[in-house]
1. Highest first, please rank the peptides 157-168, 260-271, 190-201, 135-146 by the mean number of other Cβ atoms sitting within 10 Å of their residues.
2. Taking 0.36 nm per residue of sequence separation and subtracting the Cα-Cα distance, how much length would be gained by fully extending the chain between SER114 and ASN287, in nm to one decimal?
3. May I ask for log10 I(q)/I(0) of the range 73-113 at q = 0.32 Å⁻¹, from a Debye sum over the Cα atoms as equal point scatterers with solvent left out?
4. Percent of Cα-Cα pairs per 5 Å bin, from 0 to the last occupied bin, for the range 87-238, please list those.
5. Using r as the Cβ-Cβ distance of ASP304 and SER247, and R0 as 25 Å, what FRET efficiency do you calculate, to the nearest 0.05?
6. Can you compute the modelled spin-label distance between ALA67 and GLU194, with each label point 7 Å from Cα toward Cβ, in nm?
7. Helix-only estimate, please: 222 nm mean residue ellipticity of the chain, summing -39500 (n - 2.57) across DSSP H runs of length 4 or more and dividing by its residues, to the nearest 500.
8. Percent of accessible area on the range 168-277 owned by carbon and sulfur, 1.4 Å probe?
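The values are calculated or read from the model by the stated rules, or taken from the named source; none is laboratory data. None of the values given here were measured: they were computed from a predicted structure. Here the Cβ positions follow ideal geometry from the backbone for every residue, glycine too, while neighbour counts run over all protein chains shown. These area figures cover heavy atoms from the full protein model, side chains too; ligands, DNA and RNA do not enter into them. Shrake-Rupley method; radii C 1.70, N 1.55, O 1.52, S 1.80 Å.
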Amino acid sequence: MRRSITSGLAAGTLLASALFALAGCGGKEAPGQQAAAPPPGPPPAPTMEQLKGATVSGVFEQPATLADGKYDGPPVVEGGASHPTMMLWDSAVAFGDMDGSPGNEAVAMLSSNSGGSGELVYVAVFGIRDGNLENLGTALVGDRTKLQNLWLQGGNVVMDVVEAGPSDAACCPTQLARKTYVLDGGVLKESKSEVLGTLTVATLSANEWQLVSIDGQPLPAGAKPPVIHFEREGIRGFAGCNRFTASVKETAPGVIEVGPAAATRMACPEPEMDMERQFLDALGRVNGYTFLAGQLALTWAGKDGSGLMLFAK
């Protein structure tokens, strides 16, 4: 019996040695253990899901990791109410080549607050490196800066913004500017900033705007989204069922008065008619406009309350 066990151990040792030699011979792996070859082509671009869970540097003293696009840090003072927050603007993300290497990067806007009245706005670049999402650079855009447009051009990040001008309070920016950012040596930095003028209703006329939400509520299922177009002294568009026009008077940058809407009288199914009633009622109360995360915000505030409608290009 002893001889049988010894013989079995010897045979097992010889077999293990033979497999080891085969695995090491010529640098080849044993059958069934070959490493999977990387997929052909450039690395994938970051996904929105990855960006919503990204770790971001350059905003706080330490890197902060988002959860579903948000970060909520510990209190600034133990037991205090103020705490750092950060949010990804998922409506303001652009994709393209930032560094000349294969594959596209993602450019995203974020905002942060540490408990005060300010809101610091940042632009950040992300890329896939060795299969993982990396924050390749982050740069400060400004305090309470409003984003109009964001795009990539020739490897640069370009954005149109509304920022505080020399005579503006920080709360209420009116200066139009175009900013350019470049990723240079692993650092994202502003390379150019050009003042374009002052915010007016004419700023809105270059685009047609489609309704996204009213007071944070998305459009009812089955409803056709209203669409508006600003002109010099008016608004025209589609209200959900009918075409409409309304007058607009601007009394100060970002401050407007919208007149009663005149609309056609076509009848539509209830989802469209209900949407139209909500939209025209809200439009008649609008007395201001601004930009939020690249979207147009029509706002109202008065004795009957406040609210906003968000529109996308």
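1. 135-146, 157-168, 190-201, 260-271
2. Working: separation 173, 0.36 × 173 = 62.28 nm, distance 3.00 nm.
My answer for the length gained is 59.3 nm.
3. Computed log10 I(q)/I(0) values: -0.99.
4. 2, 8, 15, 17, 17, 16, 12, 8, 4, 1, 0
5. Once rounded, the FRET efficiency stands at 0.75.
6. 4.4
7. Result for the chain, helices only: -4000 deg cm²/dmol.
8. 52
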